[in-house]
1. Put a dot 7 Å past each Cα toward the Cβ at N33 and T49; how far apart are the dots in nm?
2. Students often check this: by mean Cβ neighbours within 10 Å, which of 51-62, 68-79 ranks highest, and how do the rest follow?
3. Which cross-chain or sequence-distant (5 or more) residues have an amide H under 5 Å from the amide H of K75, H modelled 1.01 Å from N in plane?
4. By the scheme Lys and Arg +1, Asp and Glu -1, what is the net charge of all other residues having a beta-carbon under 14 Å from that of A30?
5. Can you compute the FRET efficiency between I69 and I42 using 1/(1 + (r/R0)^6), with r the Cβ-Cβ distance and R0 = 25 Å? Round to the nearest 0.05.
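FYI, it's all coordinate maths here, none of it is from the lab. Computed from a predicted structure; not experimentally measured. Neighbour counts are summed over all protein chains in view; Cβ atoms, including those assigned to glycine, are modelled from backbone coordinates with ideal geometry.
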Amino acid sequence: MKVTSILLLCALALLGFSGNTRADTPGREANCNTQVIGCTRIYNPVCGTDGKTYSNECMLCVENEKRQIPVLIKKSGPC
């Protein structure tokens, strides 16, 4: 009886962890205006796919426009 319950608990744990595995998605595009004149100073950090934290999506857009390199948003919040 104890062996059966241990096996059942192990099976449930493995099933629980299997839902967390997913392909590593590169990120999402920032919501940019076609012409960025200036950004607000509101701190709403985003983590770029380049590993750098940007103060907000607008700052990431400005950087993308300067460098002509499409950095995506890896996640909301600092890296």
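1. 2.5
2. Working: 51-62: 17.8, 68-79: 13.2.
Packing order, densest peptide first, comes out as 51-62, 68-79.
3. Residues meeting the criterion, in which the H sits 1.01 Å from N, are C47.
4. Values: positive: R28, K52, K66, R67, K74, K75; negative: E29, D50, E57, E63, E65.
Summing Lys and Arg as +1 and Asp and Glu as -1 gives +1.
5. Taking R0 as 25 Å, the efficiency between I69 and I42 is 0.55.
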